[in-house]
Structure formats: structure tokens, C-alpha cells
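Colleague: The structure under discussion is supplied below as C-alpha cells; questions concerning it will follow.
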Amino acid sequence: MKIIMTEKARNWAVLVIILRVFILWVCLAAFLPILNPARVSELISENYSLFTCAVSPSATSSHFERALLPRNAHWGLEQSTVSIIYNGAFVAGLAIIGLGTAACFSLGNIKMRRFGAMISAGSAVLGIAGVTILRSTYGILASINEPERVRPMIPGGITAFYIMFVLVIILSAAVFLVLPKPEKGTRMAMDAKYRLFLMMLPFLVLVALFAYLPLFGWRYAFQSPVELENSDPFYWFKFLFTNRGVRMDIPRVMTNTFAMSGIGIATAWLPMVFAVFLAEMKANRPRHVVQTLTTIPNFISWILVYSVAFAIFSTEGFFNWMLANIGVIESLPGPAHLMDSRHIWLKMWLWGTWKGLGWSAIIYIAGISSIDPQLYEAATVDGAGRFRRMWHITIPGLLSTFFVLLLLSIANILSNGMEQYFVFENHMNRGTIEVLDLYIYNTGIGSNSPNIPLATIVGMFKTIISVTLLFTANRVSKWLRGETIV
Amino acid sequence: MKTMIRREWTFLNRPKAFWITSAGAAGVLILSLFNWVDIGFGVKFNLFNVWGKLDDSGLNFLLGWSQRFQNVKTFLSALLIILIVSFVLLIISLIKYQSKKRLILVNLGFGLVAAVPPVFITSVLVTFQGEGIEGLTIFPFLVFAVAFIAIVLNGYTFEILNGLFFALFTLICIFPFYYLFINTISDNNLVAVGRINIFPQGVHLGNYAALLGVNEIGRAAFISIARTIIGTVTMVLASAFVGYLVTKNAMLGRKFIYRFIIITMYFNAGLIPWFVNIQMLGLTNNFWGYIIPAIVQPFNIILVKTYIESIPKELEESAFMDGAGYFTTFRKIIFPLCKPILATISVFGAVGHWNSFMDSIILMGGEPRLYTLQHRLYLYLRTNASDIETRMREGSLNMESVIDNRVISLTVAMATIVPIILVYPFMQRYFQKGLMLGAVKG
């Protein structure tokens, strides 16, 4: 169903496109912290955008917590003032949503476009109101008893948004005026391609918000510390290579990472062998029972694995009971094995194997069932025994799967995942259990004095190296097997 | 004219009789572990007791653990139990396959029957002499010996070793859960000193009842259930809808959009920017922080898209003919047809939501009311561990609090595992199907 447009409407389509693109920029501006019109006080974090202030009242008010304490009542700041900031941001946020809706309408036929222009003009008026509210709070903040406490300011974003909203009104008016009035009885309609696109749009926004927007956070890597006189975007990069503590940490963390990934890669053949031997169990029901029961550990979280470990390896646990029985230790309670810092790499590998072996074998079991039984019959006729059949038929049939998984695990050499190490970590074994992911967490979030820039830098390097490795693995796969893995 | 064929009564042609013999003997064997069976002459069938009556000195010398032999016997008994369980699993695995297997069973049955006279004789001896109970130890070994010889003679060495290995590995996989379970239902005082290892003692449900009384756990369970349900439903609906939309060639920039979504599987900005981003979006300390970031799952979208592409185009076209829009077509035609794949991804999604705890720890730090069950469990285990650490360093280990913490953690852990274990057997085929579908791509 193609939408019929008059000659005049088509000529002015460029104006609609300009309006649409301009609205897109206004929407993006709402995510830029530097253009946040709600930052009317220096107390509000410079990392917050208008969007944050609009959707999360607590984000705004948390910065005024100290000023609102009863003992600071003589400062003269009132709760209502803080609410006004939030409300202003909220109104501006609503206006932005309205603009977005209007942009969607502008994809339709003339009737929809005219309607959209009305919406965008209305939203812009609403937006001006919101920004005006925010502007007025500057006056309120400046007039309290001790304004220097809340450090009021007029953010550049206020002017910027005023200009943007006014431009939107002018453009919308122009669009509304130049587009001919649709004939009576015309219904709102839109091309299928735009309709489908708009159905998809909410999900695209989600992807952009949660997968692409974080990339924008890499800018924290280039933030220099506040106390520094002249800002140096590469301060933390230099810190990474010059600071004594960090220089001690990184090699240790990398050793742990490579050791644990390395053990995993070196034993990557285990699931395959597991599957091959399981397939030798000819009775169906017991084989299914084994298969079902050995995959259960894969479906419990690491925290539950830890609680199991805690039960079995605690001072009065099953493991110590066995040790006491064979006489290795005198009596219960025995040592707390989870506090032991020896052989951590091996222990972590054992836990990983316990949890994942049965599950990783399933893919090979399926592979075995797809091997042609005639091959086995022929081999048997030729006098091949059980192990010869395994070696010359089953294993070659599984090798391509094995290589794909091996390449993937090599590409993921830096990403051991942190959950396992996070739950098993304690102050005794921190030195040998801390892998890269865990180090990033401990540096950036988990410590008492989080160092966000440093953790961001390390994470950045990790992402870049991982992506490079993945593409290399993909190339290698293409070269070896003629097909890609991603 | 009828000819009467008189069959000889042997174990071979009376499998039932021989089943009963084996089952009876096995029953006695198992019961004897419990110290329950009094055979009437003042003698109890009990493996532990039997071991206890053994002469210490000989084995002492052999094993070289002087002074500790008492313990060795207990350990060997435990080993024996494990062996028996593995053996039973193995035997079950051999049944019903070939007639040869039946031969093994026959041998086993004979072994069991052969074991009865010595047991009976020794027990009579015990009655009259008061000692000499060592003879009872022959009983399990005889069974094993006869059955093992039978199996080896029939060329089943590989089967028996293979079966034993898998039986043992399976046991290792499920024993921890069993251990956790018996520790939560047994007498707490016995648990605290590590006396509950193979069988529960003093069974009670007080710990589970106590859980119901702890407010924060109820709250955490509610959050966990809520996020699992809401999170799974939104994820599945979104995956289905997006999976449908990306098959529509008519869409503006379809290829680009598909790649835009899928490529996010292969990179991420890193933990810290992700966290700061979520914080910036106001989703920290907010229930929706569990749900919204997890709605779009590229991998599931691939699965649904692949599935929809396998549905005949004509079905959809006929709907368009009847004047249905895209959304109606999706709702009335595509969605019902996709049910198998949606079941698969919803099972994965639900387990993922139920199990995830890093998001609770990282994002909800400031709002204890939003902690999930897993997060609570982590906290219990952590306070427990650090508690013991500091107290041990100070040299003042307060047993009472340790007991409480330990039992509570184990009970919460069990309560968190149970839903998965209950659901798993029914959902297993979906899990495996999901893995296979993933393998097609990966």
C-alpha cells in the first residue's frame, strides 16, 4: 500500500526530513551530560544527563542530601526546591518524548505529518516551559541563606535547549503551513516499511541504551583526577604503567587469567571423551539417567555451587569427615578448606568441570548420534575393535565441533567470567584467584575507594583485545574449515 | 494329542523366582547398613558392626596407619556403600539388553543364594558361641566376587569399568545436593558437629519452617519469583516480536537493523561503563533494573528468526489476504506456531533470571528490599565465612552463631536449588533442544 502524495507535498518533503533529523539531535542531546539543563547546581554530578534527571528523582535529590539535613536547615534549602528541579527535568523529558512521537508521525501521509507537526510544536512549547522552570530554580537557589553551599549555576544546556525548542517550533510551523490540507475523509496511513520500522524502534532504542550507550562511558578513562591542576586526559593511562601497585597487580592478574583459561583450553577435549565413552553405554535408560543427572549442576548458579562447596568443605563437612576416617586429620572440626590458598587454579578448574562437564558433553552426544551407523557396521566387519571404532570413526566425526569450540575458548581467553571467582574469593586466596574480570570489578566497584577511570581503561583494553581475538579466530576458522564461526 | 513338556525348575527359565531372590538379598544387604535387621538370634546385620569386630592388628600393619585404624574401617564402609550403589546402577544398566545379560543376572542370583548359607551358619555360630561374627563379611564380597567373575567371563570388562566410572561421576554430581538436603532436615546439633554424612538423623522440618519466619527471605523470594516471571515473559515476547520483524523484507533498513542487534553479542563496553550507564538511566536500586536491560537478547532473537523462516510463507500470506495487519498476523499466526522455540528460550530465560546474582549485587546495593534470593544467600554465606575467619583469628569461636548461620545458609541454598531440580527433568528436552539450535549457529 503506497501512500499517494500530492506534487506539492512531495516538494516540501525535504522540510519534513530536516525537522525529523533535527528532532533526532534534540533527543540525543538529552543524553549528553554536557548539555544537561537540569544541572542548576554544581552539586549535581557532571555525568548526569537530562534524561537521568528526568527519569530518576533519586539521582537528583541524592546530591542535595547533605544540604537537606536538619542540622543544615540554616542554609535555607527546602525540599520543595529540589522537587522543582526534578519536576522541571521531568516536564522537559516529557517534551522530548513528545518530539520523538512527532518524528514518528512525520513518516506517515500528509494528515499524519501535519498532525506530527502539531505535536512537535506543542511538545516544544512544553519543553520551553520545563527549561523555564529549571531556569527559575537558579533564582531560588541563589536566594537561599547560604547560596555558596549549593553553588548554583546556569548550565549552558538551558540556552542550548531554548534555542533547540524555538527552532523546532519554527520548523514545525513551517511544515504545518506548507503542507496542503488533506482532503476530507483522508485517514492516517503510513508505508509498510515505516510501520515495520516503528514497531521495531522501541527495541532498537533498548539495544542502543544498554549495548551502545555504555561505549560512551569509555570517556571516563580520559578523566583526570579533580585535584590535578591542568587536566591530562591520559593521566590514568600513565598511571597504569607507572604506579607501583598497579604494575605489581597487572602481571599477577594476567597470570591468573591465562593460567585458568589455559587449564580450561588444555582440557577442552574432556567433554568429547566423556560423550564418546557415554555413548558406549548401550542400555538407553541408564544412559539418559547419567546424562540428565550430570547436567543438573550446570543449571545452578555459582553462588549455589559455593554453598554446596561450603557444606562439603567446611570445618565439619563431608570432606573433613572422610579425612578423619582415613586418618589424615585427627578429628572434627578439621581445617576450613575454602580458606586454603593452595592450588586455587586447579580447584577452580575442578569446580568448573564438575559444573560443566555433563552439559558440554551434550553437544558431542548429539554429534555422535548423527554419525552414520553404517560406518560402524563396516568397521566391525573389517575387524575393528571398540577402541579402533572410537578412534577412527567417532572422534573424527566430532573433531570439527571440537575445533569450533576450541577456537571460541581461545578467543575468550581473557573472559573467564567473574561469578565463579567472585564467590570463591576471600582474603586468603585473593592473590591467585583474581582474574581480569574480577580485578576490574574489584577496582571499579567492589573496593572501598573505587577507581572508575582505571577499571574502565583495563576493561577497554580487554574488550579491544577480545574482539580482535574473536575476529582472528574467525579468520583462522575460515582458513581451516572454509566456514566462519560467528 | 498333547505332549506335556515338563520344564526343569531352574533359575534360567524362572527369571521371576530369581528376581525375587536377588531383590530379597539386596534388600537385606541395604537394610543391614541401617543397623535395623535383627535376624532373631540376637545378631544384627550391620556392616559397621561387622567391620568393628575385625582384628585390628593385621590390617594396621598393612595400611601403615597405626593408631588410626578405627577410622579406616569406617571409611572403607563408606566406600563399600558407594561401591554398592554404583554396582546397582551398573547392573541396571546391563539388564534388558541381550540374553547374555540375563546370564550375568543368573550368576549374580546364584552368588546371592550362595551367600545365604555362610551367613546363616555364622549367625548360628554367633548365637551359640557369642563371637566369630567376622563370617558375615563374606556376604557382600561373595556377591561381588561371583558377579564380577561372571561379567568378566562374559567379556564385559569394558562395560563394567565404563559403567562404574559413569556411576561414580553421576554420584559425585548429585551427592552434594543430597548431602545438602540431609543436612537441612537433620538434627541441627548433629549437623553442627559434622555427624550427618550419609543418612539423615533426627529428621525434622524446623529449618524450613524457620525460613518462613524470616522476613527478608520471604521478600527476597518474592523478588526472585517476580523478576523470573516478568523478566521471562517480557524477554520471550520481545524475542518473538523482534524475531518476526527481522524476517520482514519490507522493513526500512532490515539488514542494518538485524546486524545492529546481533553484533552486540560479540562486544561489550565492559563492566564499569555498563554499571555507570545503568546508574545514569536511573535503574540502580530499582526493580526494573532486573528486567529492562535483559529484554532484548540477540541470541534468542536469532533462534526465533531461524525458526520463523522455517514456517511456510503461505500461512502468513493467507492472513494478509484476509486483511490482517502485521501485528495481527504475528499474534494470530506466527506466535502460536513458534511455541516450541519460545518454550525453549523461556526455559533458558527463566533459569538465567532465577540464577543471576551479580546484577543484584552490583545494581541493588543500596536497596536491601530488592535483593534476590541468591544475593541473600551470598550474604549469609559471606557473613558466615568472615565470621569464622575473624573469630578464629581472635581465638574465640562462638559455636552457637556459627551453627545458626551454617544451617540457615544451607537451608536457603536448598530452597533455592529445589525449584531448578524440580523443573529440570520436565524441561530437559527443551534445554537440549536449545543447545542444539545454538550449535547450528555456533
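Colleague: Which numbered condition trips up B:N277, out of (1) at the interface with chain A (Cβ under 9 Å from one of its Cβ atoms); (2) touching a residue at least 60 places away in the same chain (Cβ under 8 Å); (3) assigned to a helix (DSSP H, G or I); (4) of a type outside the set (S, T, Y)?
Modeller: All conditions are met except number (2).
Colleague: Against the definition (in a helix (DSSP H, G or I) and touching a residue at least 24 places away in the same chain (Cβ under 8 Å)), how does A:P286 come out, yes or no? Lay out the reasoning, then the answer.
Modeller: Details: in a helix (DSSP H, G or I): yes; touching a residue at least 24 places away in the same chain (Cβ under 8 Å): no.
No; evaluated as a whole, the condition is false for this residue.
Colleague: Scan the range A:308-327 for residues that are assigned to a loop (DSSP other than H, G, I, E, B), touching a Lys or Arg at 6+ places or on another chain (Cβ under 9 Å) and farther than 27 Å from A:N256 by Cα and report the count.
Modeller: Quick first cut of the range A:308-327, residues assigned to a loop (DSSP other than H, G, I, E, B) only: A:314-317, A:326-327.
Of the ones still in play, those that are also touching a Lys or Arg at 6+ places or on another chain (Cβ under 9 Å) are A:314, A:316, A:326-327.
After this cut, where a residue has to be farther than 27 Å from A:N256 by Cα as well, the list is A:316, A:326-327.
Count: 3.
Colleague: Kindly list the number of the only condition in (1) hydrophobic (A, V, I, L, M, F, W, C); (2) within 11 Å of chain A (Cβ to nearest Cβ); (3) touching a helix residue (DSSP H, G or I) at 6+ places or on another chain (Cβ under 6 Å) that fails for B:I263.
Modeller: Unmet condition: (3).
Colleague: Looking at this structure, is B:F327 over 30 Å from A:L470 (Cα atoms), in contact with a helix residue (DSSP H, G or I) (Cβ under 9 Å, 6 or more places away or on another chain) and modelled with pLDDT of 90 or more? Full working, then the answer.
Modeller: Numbers: over 30 Å from A:L470 (Cα atoms): yes; in contact with a helix residue (DSSP H, G or I) (Cβ under 9 Å, 6 or more places away or on another chain): yes; modelled with pLDDT of 90 or more: no.
No: the conditions fail for B:F327.
Colleague: With (1) more than 9 Å from chain B (Cβ to nearest Cβ); (2) in a helix (DSSP H, G or I); (3) surrounded by fewer than 22 Cβ atoms within 10 Å (Cβ to Cβ) as the list, and A:N256 as the residue in question, which single condition is left unmet?
Modeller: Going through (1) more than 9 Å from chain B (Cβ to nearest Cβ); (2) in a helix (DSSP H, G or I); (3) surrounded by fewer than 22 Cβ atoms within 10 Å (Cβ to Cβ) one by one, A:N256 breaks only (3).
Colleague: Scan the range B:164-207 for residues that are surrounded by 14 or more Cβ atoms within 10 Å (Cβ to Cβ), aromatic (F, W, Y) and within 22 Å of B:L377 (Cβ to Cβ) and jot them down.
Modeller: B:F175, B:F177, B:Y179, B:F181
Colleague: Only one residue in A:S307, A:S261, A:S314, A:S301 is within 9 Å of chain B (Cβ to nearest Cβ), small (G, A, S) and closer than 30 Å to A:G367 by Cβ. Which one? Let's see the steps before the verdict.
Modeller: Values: A:S307 fails: closer than 30 Å to A:G367 by Cβ; A:S261 fails: within 9 Å of chain B (Cβ to nearest Cβ); A:S314 fails: closer than 30 Å to A:G367 by Cβ.
Matching residue, one of A:S307, A:S261, A:S314, A:S301: A:S301.
Colleague: For the structure I just gave you, tell me whether B:T247 is out of contact with any Pro (no Cβ under 7 Å at 6 or more places or on another chain), in a helix (DSSP H, G or I) and at negative phi.
Modeller: Against the criterion (out of contact with any Pro (no Cβ under 7 Å at 6 or more places or on another chain), in a helix (DSSP H, G or I) and at negative phi), B:T247 does not qualify.
Colleague: If you check every pair at least six apart or on different chains, which have Cβ atoms under 9 Å apart with a residue in the range B:168-193 that is within 10 Å of another protein chain (Cβ to nearest Cβ) and free of Cβ contacts under 8 Å to residues at least 60 places away in the same chain first and a residue that is in a helix (DSSP H, G or I) and among the small types (G, A, S) second?
Modeller: Qualifying pairs under 9 Å: B:F169/A:G358; B:C173/A:G358; B:P176/A:A309; B:P176/A:A311; B:Y179/A:A311.
Colleague: Which residues, counting only those in the range B:345-354, are touching a residue at least 60 places away in the same chain (Cβ under 8 Å) and within 14 Å of another protein chain (Cβ to nearest Cβ)?
Modeller: Listed by number, the residues that qualify are B:V347, B:F348, B:G349, B:A350, B:V351, B:H353, B:W354.
Colleague: Still on this structure, please answer the following. With a cut-off of at least 1 residues that are away from chain A (no Cβ under 14 Å) and surrounded by fewer than 21 Cβ atoms within 10 Å (Cβ to Cβ), name the helices (runs of 4 or more DSSP H) lying wholly within the range B:289-344.
Modeller: B:298-309, B:313-321
Colleague: Given the condition more than 8 Å from every other protein chain (Cβ to nearest Cβ), part of a loop (DSSP other than H, G, I, E, B), out of contact with any Cys (no Cβ under 9 Å at 6 or more places or on another chain) and at positive phi, answer yes or no: does some residue in the range A:469-485 qualify?
Modeller: Yes, the conditions are met somewhere in the range A:469-485.
Colleague: So how many residues does the range B:288-344 have that are small (G, A, S) and touching a residue at least 24 places away in the same chain (Cβ under 8 Å)?
Modeller: First, the residues of the range B:288-344 that are small (G, A, S): B:289, B:294, B:310, B:318-319, B:323-325, B:343.
Checking the rest, the ones that are also touching a residue at least 24 places away in the same chain (Cβ under 8 Å) come to B:289, B:294, B:343.
Going through the range B:288-344 one residue at a time, the tally reaches 3.
Colleague: Scanning for something polar (S, T, N, Q) and closer than 22 Å to B:F357 by Cα, does the range B:244-251 turn up at least one residue?
Modeller: Narrowing the range B:244-251 to residues polar (S, T, N, Q): B:247, B:249.
Then keep just the ones that are closer than 22 Å to B:F357 by Cα; that gives none.
So far as the range B:244-251 goes, no, none of its residues is polar (S, T, N, Q) and closer than 22 Å to B:F357 by Cα.
Colleague: Looking at (1) touching a Ser or Thr at 6+ places or on another chain (Cβ under 9 Å); (2) assigned to a loop (DSSP other than H, G, I, E, B); (3) not hydroxyl-bearing (S, T, Y), which is the one condition that is false for A:N298?
Modeller: Condition not satisfied by A:N298: (2).
Colleague: Something else: Can you find even one residue in the range A:360-370 that is farther than 26 Å from B:N197 by Cα and either out of contact with any helix residue (DSSP H, G or I) (no Cβ under 9 Å at 6 or more places or on another chain) or outside any helix (DSSP H, G or I) (or both)?
Modeller: yes
Colleague: Ok, one more. So, in the range A:275-298, of the ones that are charged (D, E, K, R) and facing chain B (nearest Cβ under 7 Å), which residue ends up nearest to A:A361 (Cα to Cα)?
Modeller: By that ranking, first place goes to A:E280.
Colleague: Kindly indicate whether B:A240 is more than 8 Å from every other protein chain (Cβ to nearest Cβ), under 26 Å from the mean Cα position of the chain (by Cα) and in a helix (DSSP H, G or I).
Modeller: No.
Colleague: I've got another one for you. Within the range A:146-205, how many residues turn out to be within 14 Å of chain B (Cβ to nearest Cβ) and touching an Asp or Glu at 6+ places or on another chain (Cβ under 8 Å)?
Modeller: 0
Colleague: Tell me which of these A:I170 doesn't satisfy, since it passes every other one: (1) surrounded by fewer than 14 Cβ atoms within 10 Å (Cβ to Cβ); (2) under 30 Å from A:S80 (Cα atoms).
Modeller: The one condition A:I170 does not meet is (2).
Colleague: Right, something else. Being surrounded by fewer than 19 Cβ atoms within 10 Å (Cβ to Cβ) and of a type in the set (G, A, S) is the filter here, so list the residues in the range A:23-80 that pass it.
Modeller: Within the range A:23-80, A:S45, A:S58, A:S61, A:S62, A:A73, A:G76, A:S80 meet the criteria.
Colleague: Within the range A:155-170, identify whether any single residue is on the phi > 0 side of the Ramachandran plot, touching a residue at least 40 places away in the same chain (Cβ under 8 Å) and part of a loop (DSSP other than H, G, I, E, B), and answer yes or no. Give the derivation first.
Modeller: Here is the first cut: in the range A:155-170, the ones on the phi > 0 side of the Ramachandran plot are none.
Within the range A:155-170 (the criterion being on the phi > 0 side of the Ramachandran plot, touching a residue at least 40 places away in the same chain (Cβ under 8 Å) and part of a loop (DSSP other than H, G, I, E, B)), the answer is no, since none of the residues qualifies.
Colleague: If A:T380 passes every condition in (1) polar (S, T, N, Q); (2) away from chain B (no Cβ under 11 Å); (3) outside any helix (DSSP H, G or I) but one, which one does it miss?
Modeller: All conditions are met except number (3).
The values are calculated or read from the model by the stated rules, or taken from the named source; none is laboratory data. None of the values given here were measured: they were computed from a predicted structure. Note that we place each Cβ from the backbone using ideal geometry, even for glycine, and neighbour counts take in every protein chain shown.
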